[in-house]
Every structure is written in C-alpha cells, then in structure tokens.
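Take a look at the structure below.
The values are calculated or read from the model by the stated rules, or taken from the named source; none is laboratory data. The structure displayed is predicted, hence computed values, not measured ones. Every residue, glycine among them, receives a Cβ derived from its backbone with ideal geometry; neighbour counts consider all protein chains shown. Note: areas computed on protein heavy atoms with side chains; ligands, DNA, RNA excluded. Shrake-Rupley method; radii C 1.70, N 1.55, O 1.52, S 1.80 Å.
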Amino acid sequence: MKCKAFLLAIGAIVISGATALAGCPSGGVKELTGAGGTFIYPLMSKWAQEYEKLCGVRVNYQSIGSGGGIAQLQKMIVDFGESDAIMTDQQKKDAQGGGIYHIPLVAGAVAVAINLPNTKTAELKLTPDVLADIYLKKITNWNDKRIKAANPNVKLPDLTIAVVHRADGSGTTFIFTNYLSKASSEWKDKVGSAVSVNWPGDIGGKGNEGVANSVKQIPGAIGYVELAYALQNKMPYAVLRNKSGKYMEPTLESAAAAADVANLPNDMEVMITDSTNPNAYPIVGFTWLLLYSNQKDKAKAETVANFAWWMIHDGQNDALPLEYAPLKGAAIKKAEALLKGIKVNDTVVLR
C-alpha cells in the first residue's frame, strides 16, 4: 500500500540525493541501444520516452532478459546492458571492452504470484522452507499439511501445484534463486543461484510476461514475477515470512526497507535478499545498468553517461508510480561515484 507519508519521504530522499552535473549531452549522438532484463522494462520504457522529449536522444531498449543483456554488452553490440544479476567473474573476463561498472538504478520486489480459487492477494502465507520445497517439487499439492499449518483459516483446495519458472537467462531468477539458496540448504546444494538453473520441474515462461501469463492461465499455478507485472495483471500473490518472523507483502515500503543497507560496497555489487530488517520483504534486489568503465567513443560515452546520470536523479521520480523503490541517498552517492569514473582515453567523461 502506498501511504502518502512514505511517498513524500522517498521523494525527499531522491531530491536531496540529486547533484546533477551537465544537462543534455552535447556530442550530437541521437540514439542509444541497450538490452537486458524484463524486470526494469516498464520503467525503462517510461525513461526512454521522457529522455527523448528532454534531450532528443532516442533510447532503444530490448527486453530480452538479464542474460541476454550481459551477452550483448560483452560483445559490444549495445551501448549499455541491464541486469538484475551481478556478473560472474567469467562473464567479466569475457567482456570485450574491459572492466564493467554496475550502476544501481532502483530496487524492486519479486512477488510470488498464485492462481488459487477463492484466494485473495496477501491471504496465503508461505514460509521460506515451504516455498523452497514447492520449487524442489517436494510439496506438490495445495492442501499439503505444511501449507495448511501456516494457513489455518484459508480453505486450501485439493489441487496440484503447477510450478512456473523463467525459461530464459533472467536476473529475476538470479534474485529468486539467491533467496531460495539462503532459505534452503538443499536448494543451495542441488540447484544453486544463477540467472539460469536446472529447474526440478514444471513449466518455463519467457520473461516476466511469460511467467505471469502462465500463472494466470493455469489453475493451481505459482510463479515469481517482478511486482509491477503482478499488479498490472491483477495477480494474487502470497505473503512471505521474513528473517525476523514477520509475514510481509511485496510493497514499495518493504522493498525500500530491504534496500536500506548501512554499508554498501563501492562497486554496488551486492545482494539484498533475506534482509534482517524486520520491515523488509525477503525477495528484493537492485537492478543495475552495465557500462564499460573505459569507453571507446567520446560522444557516445558522454551520451550514455548523461542518460545514466539522469536516470539515477530526475528519473527516480518515475519509479514510485510503477512500483519500484527509488534509490536512497547512500546508493545514489555510490552510483554517482561509479559514473564519474567512466573514462575515454584516461579522461573522465562526467565532470
């Protein structure tokens, strides 16, 4: 629920964090290409529209999954990548353009969407171990005694659980499996955490859209999607027990609580799932813009760096209406420092 006080507080944080440098880029570049996660797509689409109106730069973003975005950046096919997953050491090593910065854009919650007859949003409670065992295919029916134990007042049907997962390389999967690896040692040992894993079963969907559509169409289905997709599709979702023992909904407030980390690393390559904050929803992650630290083309570098700077400042005002948690002060400062480190021929791009 978006309470007015929360929105005003976040808005104040965003404004106080903004120390914008130059306005629109002056190098004459009129188009940027990017590729990456479906998680950010609703917000990236809004940003692209606004930035073109503001600066006359068209941003073409391909929503192909974090794995695809990383691959296209590695091969220098696009000007920027986008990912909800931190690149592995091997992925960084394989990048043709050298070192890559992970610039945080926003934080977002991953909702566990369900399709259960007569079950409302936030009515069904799931514990971490139960969610992991559903995805491990150890719990296969909605009237299982372990699900009943957390839901004594919910009429659970005798219905097979259809487990839906991402079929493509996905940062949403990275966030979700990172959480399951913390929730279940068996999951960690047997499946692990990555943008693509060897799922124990059932149904694969391409993109957040594909998972959302499958969950909506299949009675008894469960699937993980970025919160905006659950809300836009009016999909009921479960509440999850967090590390402090509280059952939490995926909301702006609970996502912001998870992202409110005291000591963020300078490279911002940090996972924030399973937060110890008692008010945090447990499946939350940053989503990152991926940029080469040493660019080849001065005009293109100036353009993409200015676009990135705009996104982490003025662009944050578009996050709330689309159900993303804006960056807070500490995260903005870390993002600014990374952007100020982008160079062309050893000369910084942003001053």
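Please find, in a Gaussian network model of the chain (springs between Cα atoms separated by less than 10 Å), the residue of 218, 86, 40 whose mean-square fluctuation is greatest. Largest GNM mean-square fluctuation: 218.
Applying 0.36 nm per residue to the separation of residue 160 and residue 189 and subtracting their alpha-carbon distance, the gain on full extension is 7.9 nm.
Listed by chain and number, the lysines placed with their C-alpha closer than 24 angstrom to that of residue 296 are 30, 75, 92, 93, 334, 340, 343; residues fewer than eight positions away on the same chain are left out. Relative contact order for the range 269-342: what percent, with Cα pairs under 8 Å and sequence separation of 6 or more? Normalised by residue count, the contact order of the range 269-342 is 26 percent. Highest mobility in the GNM of the chain, judged by mean-square fluctuation with C-alpha springs under 10 Å and restricted to 214, 63, 45, is found for 45. For the range 214-247 and the range 99-168, write down the distance between their C-alpha centroids in whole Å. When both Cα centres are located, 6 Å separates them. Relative contact order, whole percent, for the range 154-230 stands at 41, derived from Cα pairs under 8 Å and 6 or more residues apart. For the range 24-124, what does the alpha-carbon gyration tensor say about shape, rounded, prolate or oblate, given a ≥ b ≥ c as the root eigenvalues, a/c under 1.5 as rounded, and a/b over b/c as prolate? Oblate.
For residue 246, no residue has an amide H sitting under 5 Å from its own, ignoring neighbours fewer than 5 places away on the same chain, with H placed 1.01 Å from N. In the Gaussian network model of the chain, springs joining C-alpha atoms below 10 Å, which of 56, 67, 207 carries the largest mean-square fluctuation? Fluctuation is largest for 56. With axes computed from alpha carbons, what is the tilt in degrees of helix 41-55 against the longest principal axis of the chain, rounded to the nearest 10 within 0 to 90? The angle comes out near 20 degrees. For the range 203-266, trypsin sites (Lys or Arg not before Pro) meeting the loop criterion (DSSP other than H, G, I, E, B) and having at most 10 other Cβ atoms within 10 Å: 234.
Pairs of Cα atoms nearer than 8 Å and 6+ residues apart set the relative contact order; for the chain it is 26 percent.
All other residues with a Cβ under 9 Å from the Cβ of residue 42 taken together, and with Lys, Arg as +1 and Asp, Glu as -1, what is their net charge? Computed value for this residue: -1. Here the extension length gained between residue 267 and residue 120 equals 48.9 nm, from 0.36 nm per residue of separation less the Cα-Cα distance. Applying 1/(1 + (r/R0)^6) with R0 = 35 Å to the Cβ-Cβ distance of residue 293 and residue 53 gives a FRET efficiency near 0.75. Over the chain, DSSP H runs of length four or greater, each weighted -39,500 (n - 2.57), average out per residue to a 222 nm ellipticity of -10500 deg cm²/dmol.
Assuming a ≥ b ≥ c are the square roots of the Cα gyration tensor eigenvalues, decide whether the range 115-217 counts as rounded (a/c under 1.5), prolate (otherwise, with a/b larger than b/c) or oblate. Oblate, since a/c reaches 1.5 and b/c is not below a/b.
Given axes a ≥ b ≥ c from the Cα gyration tensor, I'd like to know whether the range 228-351 is rounded (a/c under 1.5), prolate (a/b larger than b/c) or oblate. In terms of gyration-tensor shape, prolate. Restricting the trypsin sites (Lys or Arg not before Pro) of the range 48-86 to loop positions (DSSP other than H, G, I, E, B) with no more than 14 neighbouring Cβ atoms within 10 Å leaves 75. Among the protein heavy atoms of the chain, carbon and sulfur supply 49% of the accessible surface, probe 1.4 Å, non-protein parts ignored.
Could you pull out every one of the lysines with an alpha carbon less than 16 Å from that of residue 216, ignoring same-chain neighbours closer than 8 positions? Result set, ordered by chain and number: 120, 206, 234.
At full extension, residue 24 and residue 330 could sit 107.7 nm farther apart than now, given 0.36 nm per residue minus the alpha carbon distance. Applying a DSSP loop filter and a limit of 10 other Cβ atoms within 10 Å to the trypsin sites (Lys or Arg not before Pro) in the range 77-154 leaves 120. Excluding same-chain neighbours fewer than eight residues apart, the aspartates and glutamates reachable from residue 246 by a Cα-Cα span under 13 Å are 274. The H on the amide N of residue 32, modeled in the peptide plane, is under 5 Å from the matching H of 58, 59, 60, each at least 5 residues off or on a different chain. The equivalent ellipsoid of the range 146-273 has semi-axes of 24, 19, 16 Å, largest first, where each one is the square root of 5 times an eigenvalue of the Cα gyration tensor. Accessible surface calculations at 1.4 Å, restricted to protein heavy atoms, place the chain at 40 Å² per residue.
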